[in-house]
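Working notes for the structure below.
The values are calculated or read from the model by the stated rules, or taken from the named source; none is laboratory data. Values in this document were obtained by computation on a predicted structure and should not be read as measured data. Here the Cβ positions follow ideal geometry from the backbone for every residue, glycine too, while neighbour counts run over all protein chains shown. SASA here: full protein model, heavy atoms, side chains in, ligands and nucleic acids out. Shrake-Rupley method; radii C 1.70, N 1.55, O 1.52, S 1.80 Å.
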Amino acid sequence: MAATKETGVPAIEVRNLHKSFGDNEVLKGIDFHVDEGEVVCVIGPSGSGKSTLLRCVNRLEEPTSGTIVVEGVDITDKETDLDQVRTRIGMVFQQFNLFPHLNVTRNLTLAQMRAKKRKKAEAIEVAKRNLAKVGLSEKAEAFPPQLSGGQQQRVAIARALSMDPDMMLFDEPTSALDPELVGDVLDVMKQLARDGMTMMVVTHEMGFAREVGDRVVFMDGGVVVEQGKPEDVLGNPQHARTQEFLSKVL
Ligand code: ADP
Ligand code: MG
């Protein structure tokens with residue numbers, strides 16, 4: 001998608017990031033960035049550290065060392081107000097984490113009212129707008145267990161969008177879905193990308209990465225092995241590890 005750089009400051013910049021769990025070093029010096037308006041797809045084998053990288057970006061995990069700068073703010077600095085930073089980052093996980101006992105609208109208004117201090121009427125307006133965006137206006141009163149997995153994931157995307165994030169991080173958003181439900185979720189993500197949203201997408205959907213990604217980053221063993229334009233990384237990988245991975249998934 002067309003990257004519209006407005007500020008010249010990357011949305012996300014990760015420098016020499018290390019993360020260990022006990023003596024298991026999971027990230028071994030990651031340099032990574034996402035420009036404003038850019039869609040970066042992160043691919044790689046299970047256990048390579050993709051989720052850990054994504055979780056470090058909004059500090060669900062604390063880095064062992066290294067620097068992470070979000071929109072010019074160093075979030076590894078102890079002085080930084082993490083709650084403030086997190087309101088600018090929308091997250092969508094493999095598991096949708098909706099509240100099953102609250103209807104769709106309530107799922108979308110709750111965080112807006114708590115974290116953004118919006119009045120109920122305004123929060124409902126924002127919820128409506130974002131439900132329309134994901135094609136689920138008619139499900140405003142439904143409860144999550146009444147929805148398909150694909151619909152629940154689209155609600156989760158609408159919930160994240162209702163916080164007006166500057167960027168969206170997706171961690172395998174379609175991996176828990178039945179195959180016939182994947183397309184609708186990917187279509188919503190494609191539309192977001194077209195609208196210029198800054199996106200970091202961990203995915204096994206190579207078709208999506210090829211079509212929508214501005215850049216593909218291949219990780220293995222806690223390092224970035226190779227990155228570049230989708231047609232280069234997916235179509236003409238330079239490293240043996242990338243070639244081996246792609247031969248299994250393509
Ligand atoms: P990926 O998303 O690429 O599959 P992850 O980032 O989830 O990889 O995991 C990378 C490694 O980090 C795995 O060996 C995993 O067991 C380990 N790991 C991830 N999270 C934790 C945690 N909270 N505690 C201990 N080990 C973890
Ligand atoms: Mg993962």
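Side notes on the structure shown:
- Single residue of ALA240, ALA209 found to be without any contact (Cβ under 8 Å) to a residue 12 or more places away in the chain and open to solvent by less than 80 Å² (accessible area, probe 1.4 Å): ALA240
- Among the residues of the stretch 174-189, the ones that are in contact (Cβ under 8 Å) with a residue 40 or more places away in the chain, away from ligand 1 (no atom under 16 Å from the Cβ) and not charged (D, E, K, R) come to 1 in all.
- Members of the stretch 126-146 that are closer than 13 Å to LEU102 by Cβ and small (Gly, Ala, Ser): ALA127, ALA140, ALA142
- Within the stretch 148-173, residues that are free of Cβ contacts under 8 Å to residues at least 60 places away in the same chain sit with their Cβ atoms under 8 Å from residues that are of a type in the set (Ser, Thr, Tyr), at 6+ positions apart or across chains, in these pairs: SER162/THR109.
- The residues in the stretch 10-44 that are part of a loop (DSSP other than H, G, I, E, B) and in contact with a strand residue (DSSP E or B) (Cβ under 8 Å, 6 or more places away or on another chain) can be counted, and the count is 7.
- ALA193 meets the conditions (1) outside the structural domain of PRO45 (by the TED database); (2) closer than 26 Å to GLU71 by Cα in every case but one. The failed one is (1).
- Looking across the stretch 33-85 at every residue that is more than 13 Å from ligand 2 (Cβ to nearest atom), open to solvent by 10 Å² or more (accessible area, probe 1.4 Å) and of a type in the set (A, V, I, L, M, F, W, C), the one that is farthest from LYS117 (Cα to Cα) is identified as VAL69.
- Condition met for MET199 (part of a helix (DSSP H, G or I) and open to solvent by less than 10 Å² (accessible area, probe 1.4 Å)): no
- Residues being in contact (Cβ under 8 Å) with a residue 40 or more places away in the chain, part of a loop (DSSP other than H, G, I, E, B) and over 21 Å from ASN16 (Cβ atoms) - total across the stretch 60-114: 13
- Of all residues in the stretch 100-114, those satisfying the criterion of being surrounded by 13 or more Cβ atoms within 10 Å (Cβ to Cβ) and in contact with a helix residue (DSSP H, G or I) (Cβ under 8 Å, 6 or more places away or on another chain) are LEU102, VAL104, THR105, ASN107, LEU108, THR109, ALA111, GLN112, MET113.
- For VAL201, the requirement of being touching a residue at least 60 places away in the same chain (Cβ under 8 Å), in the same structural domain as GLN238 (by the TED database), within 23 Å of VAL57 (Cβ to Cβ) and within 16 Å of ligand 1 (Cβ to nearest atom) is met.
- Complete set of residues in the stretch 127-175 that are part of a strand (DSSP E or B) and buried (at least 23 other Cβ atoms within 10 Å of the Cβ): LEU169, PHE170
- Applying the set (1) open to solvent by 70 Å² or more (accessible area, probe 1.4 Å); (2) over 24 Å from LYS248 (Cα atoms); (3) within 11 Å of ligand 1 (Cβ to nearest atom) to LYS19 leaves exactly one unmet item: (1).
- Taken over the stretch 176-187, the criterion of being in a helix (DSSP H, G or I), open to solvent by 20 Å² or more (accessible area, probe 1.4 Å) and touching a Gly at 6+ places or on another chain (Cβ under 7 Å) is satisfied by LEU181, ASP184.
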